[in-house]
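Visitor: I'd like to ask you about the structure that follows.
The values are calculated or read from the model by the stated rules, or taken from the named source; none is laboratory data. What you see is a predicted model; the values in this text were computed from it and never measured. All Cβ positions, glycine included, derive from the backbone under ideal geometry; neighbour counts span all protein chains shown.
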């Protein structure tokens with residue numbers, strides 16, 4: 001396929017993309033024409049195979065292949081509604097993979113949607129990693145504020161460490177040191193650096209609650225504040241369990257410091273001026 005043909009097809013695929021309920025999609029009817037299918041019945045067979053592949057991959061088929069109606073013009077000048085599908089990028093990728101590979105348009109689509117889907121996966125992964133790094137930074141800030149509040153209410157740094165450990169035990173229903181061993185966390189590193197995002201946010205919420213309640217209830221001394229922090233972590237744990245999330249059974253996550261360094265390197269690479277080709 002010549003570069004001019006590739007450019008033309010690229011522009012055509014981009015041109016027929018549309019917004020469906022806030023998601024970028026392609027009309028199956030429009031896509032069938034671009035992929036060289038003159039008969040809708042034959043293209044429907046491809047869609048059926050693609051839907052099956054989607055289901056086998058563990059994805060919700062209706063999220064990627066929602067049925068819709070499409071108005072088409074008839075030879076008499078009138079219009080009628082016909083069946084159609086709104087295909088997500090992932091759905092288009094599966095359609096291309098199950099199409100007639102002898103068609104040049106299908107060959108192009110296989111590469112086009114494979115690249116685009118991969119880009120979307122990379123972006124999604126980066127967003128999730130950034131969210132975890134930011135959650136960890138937020139927890140560090142919350143605990144710093146809480147430490148200051150507790151100091152004003154008669155708790156020193158040693159007492160704060162005990163209170164935080166008791167809170168973790170209440171949240172995870174397991175001793176902090178045992179959980180660290182389960183997650184292979186180095187003894188010198190905080191548990192939170194290896195927790196998944198939801199667990200980090202759970203700890204943050206409990207710490208925020210303790211900070212607020214310590215001040216509003218004017219609690220003083222380690223025992224009273226320790227009880228308050230344990231109660232707050234138990235409340236957060238109950239909320240998670242009610243939603244089917246058992247915090248101590250969630251798998252450990254990659255060292256958040258490594259994730260932060262990787263994101264920083266990626267940003268630096270993007271910002272680095274590119275050398276001009278000679």
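Here is a yes/no grid of residues against (1) in the same structural domain as residue 252 (by TED's automatic domain parsing); (2) over 25 Å from residue 265 (Cα atoms); (3) not in a helix (DSSP H, G or I):
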residue: 137; (1), (2), (3): yes, no, no
residue: 149; (1), (2), (3): yes, yes, no
residue: 160; (1), (2), (3): yes, yes, no
residue: 165; (1), (2), (3): yes, yes, no
residue: 171; (1), (2), (3): yes, yes, no
residue: 180; (1), (2), (3): yes, yes, no
residue: 186; (1), (2), (3): yes, no, yes
residue: 223; (1), (2), (3): yes, yes, no
residue: 226; (1), (2), (3): yes, yes, no
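Visitor: For the range 176-196, enumerate the residues that are touching a helix residue (DSSP H, G or I) at 6+ places or on another chain (Cβ under 6 Å) and either exposed (fewer than 13 other Cβ atoms within 10 Å of the Cβ) or over 22 Å from residue 236 (Cα atoms) (or both).
Guide: Hit for the range 176-196 is 185, nothing else.
Visitor: When you look at residue 128, is it under 28 Å from residue 257 (Cα atoms), touching a residue at least 12 places away in the same chain (Cβ under 8 Å) and under 21 Å from the mean Cα position of the chain (by Cα), yes or no?
Guide: So residue 128 fits the description; yes.
Visitor: On the given criteria, is residue 58 part of a loop (DSSP other than H, G, I, E, B), out of contact with any strand residue (DSSP E or B) (no Cβ under 7 Å at 6 or more places or on another chain), free of Cβ contacts under 8 Å to residues at least 12 places away in the same chain and under 24 Å from residue 121 (Cβ atoms)?
Guide: Yes.
Visitor: While we're here: State whether one or more residues within the range 104-123 are under 19 Å from residue 10 (Cβ atoms) and outside any helix (DSSP H, G or I).
Guide: Within the range 104-123 (the criterion being under 19 Å from residue 10 (Cβ atoms) and outside any helix (DSSP H, G or I)), the answer is no, since none of the residues qualifies.
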